[in-house]
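The structure appears below as structure tokens.
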Amino acid sequence: MFRPSNCASFIYILVFSVVTWGCTKIDNTSIGADLLPAVDNVNTFDTTLEVIANNFDSVSTDCAKIYPSDDHVLGTISNDPYFGTTTAKIFAELKPEVFPFKLPTAFANITLDSVVLVLSYQRLYGDSTLPQKVDVYKVGPAGIKLDSSTNSCTEQSYDFPLLGSAIYTPESLKDSVKAFEENSANELRIKLDNSFGQDLLSRDSASVFGSDSLFKVSFKGFAIVPDVSFGGNALTYYNISDTNTKLAFYFRYPKDSNIDTTVINFRLNSTSVTGNNIVRNHAGAEITNHLNHPPSGDEVVYIQTTPGAYAEIKIPGLTGLSNRIIHSAQLIMEQVYSPSQTDGYFTAPTALYLEQKTDTGYRPIPCDFNIQSGSPNFGRQGFGGLRTTAKDLSGNTISTYTFNISRYVQKIVTKGITNYTLKLSAPDFIINRVGFFDECSQGISPFNSPVNTVTVGRVKLWGTNDPNATYRMRLRIIYSRI
């Protein structure tokens, strides 16, 4: 790695109107050493190609499949300056664990103390300090919708009256809770009206509790709905299939001349269904000022995890670029630093994903993306896309993302493969349903791989039509002449 002797004669030669050429000593602090040429006495050059990026709002179509075993999202984000609001509701069938179900004694002998809906808390995203309120209703007569088209965009119905409510602060959900025969943590406990419990348990008969199907006809499940008017600025996540998620009936009854206190729990069983409706609303948020798709690109790029927003990227300078040996081609993007507190708790996505927008749909980047290890080759030494941190010129910590697309660029300059538009997003899963061979004869088999947690992560990146050339999104190429 050295400065070539003829570097001065090549400085700032303009080959294309969108290409800035320069000869420099290769900087292995920003370019991985594994991607640099290993041959001595080879002149290497460093150039940057401008890219054009435009924002797209996809909240109405970017919907997630959320299965009963997945964490479910609940709560409200009332003020994200970049992306507006988010509201998430949970729907779940909680049932006796076995059928036919029998109470330990006749219902007439039971004194019901309380009925509590318990959700097994996992994590949060957003402001942990602002309190929220959640309400519980019965699912509507149609039940929880569940078919091949059901996803996070599916609206579910629920009926009044209100069964119960709870006010909670997200940061307090991890605290220990002491209840009858229970001493645990990480719970959201919602006390329900005793009249609901009395009505349900009084149906202890073969016509209701005789089988799973009979019970489902009688009770369709719960709708757990955030009270948006109360406020809050966070989403919380719950494992509905965890045994700690339950409908708990606490009651007393006479037994052997004594009064016995006990609890019966209804849980998710193998036939239970769930739903998780997530609604994003970008109205009035910053992103709405950057959706006009100017030909020269947007100054800033907004990426939001599913369901959210993505960007399309064009690199016109690759088309017609003369043949050369590509040692490294890295698409580099950097976060726009903001002193706002919201950037502290609305953190950037764990990973971004880059794919081709072809004439027939989207597909992985040829040559550089692979799943040979059994999972996508994200990471600095592979395809890239994982979030890293760096300091901007003012010393502020920012998130950065880099994609290594050296082999893809080599195929464009050597073989003249189509220079397609690229899509940059933060999906929850990436899916390839049909196997194929790409332009490097690399086999891409069907896959379904997790990338981000639904609704966790959003980032504002420097775009491509910005006067601040220091940070703008760019493709950096290290090459040698042939």
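Treating only the Cβ atoms of Lys and Arg (+1) and Asp and Glu (-1) as charged, compute the dipole magnitude of the stretch 71-281 about its Cα centre; round to the nearest 20 debye.
Working: 19 positive and 23 negative charges, 45 e Å.
Computed about the Cα centre, the dipole is about 220 debye.
Structure shown: which of K102/K138; K138/K460; K314/K415 lie over 28 Å apart, alpha-carbon to alpha-carbon? Walk me through the intermediate numbers first.
Values: K102/K138 23 Å; K138/K460 39 Å; K314/K415 19 Å.
Where the Cα-Cα span goes over 28 Å, the pairs concerned are K138/K460.
Between K255 and S172, the modelled labels are 3.3 nm apart [label points 7 Å from Cα along Cα→Cβ]. What's the magnitude of the charge dipole for the chain around its Cα centre, counting Lys and Arg as +1 and Asp and Glu as -1 at the beta-carbon? Answer in Debye, nearest 20. Using only the charged Cβ atoms, the result is roughly 860 debye.
Computed from Cα positions, the angle between helix 406-415 and the longest principal axis of the chain comes to roughly 50 degrees.
If the segment from Q442 to S69 were pulled out straight at 0.36 nm per residue, it would be longer than the present Cα-Cα gap by 130.9 nm.
Which of K133/K216; K178/K220; K246/K423; K174/K357 have a Cα-Cα distance over 32 Å?
Numbers: K133/K216 28 Å; K178/K220 29 Å; K246/K423 41 Å; K174/K357 43 Å.
Result: K246/K423; K174/K357 exceed 32 Å.
Which residue, chosen from V301, N277, T243, occupies the Cα position most advanced towards the positive end of the dipole of the stretch 184-313, where the dipole is computed from +1 (Lys, Arg) and -1 (Asp, Glu) charges on Cβ about the Cα centre? Checked the options; the winner is T243.
Using a 10 angstrom Cβ neighbour count of at most 14 plus a DSSP loop assignment to flag exposed chymotrypsin sites (Phe, Trp or Tyr not before Pro), which longest range of the chain is free of such sites? Don't skip to the answer; put the middle values down first.
On the way: sites that count: F2, Y12, F180.
My reading of the result: 181-482 is the longest stretch.
Tell me the label only: which of (i) 160; (ii) 181; (iii) 168 is volume of the Cα convex hull per residue in Å³ as calculated from this structure? Given (i) 160; (ii) 181; (iii) 168, the calculated one carries the label (iii).
Every Cα-Cα pair in the stretch 71-281 was counted, and those over 28 Å apart are 29% of them.
What FRET efficiency do you get for T470 and S322 if R0 is 25 Å and r is their Cβ-Cβ distance, rounded to the nearest 0.05? Don't skip to the end; give the middle numbers.
Working: r = 28 Å, r/R0 = 1.10.
According to the calculation, E is roughly 0.35.
Using a 10 angstrom Cβ neighbour count of at most 12 plus a DSSP loop assignment to flag exposed GluC sites (Glu not before Pro), which longest range of the chain is free of such sites? Walk me through the numbers before you get to the answer.
On the way: sites that count: E155, E181.
With GluC sites (Glu not before Pro) excluded where exposed in loops, the chain gives 182-482 as its longest stretch.
Taken along the Cα-to-beta-carbon direction at a fixed 7 Å, the label points for A179 and T389 span 3.7 nm.
Values in this text are rule-based calculations from the coordinates and carry no lab data. Since we're looking at a predicted model, the values are computed, not measured. All Cβ positions, glycine included, derive from the backbone under ideal geometry; neighbour counts span all protein chains shown.
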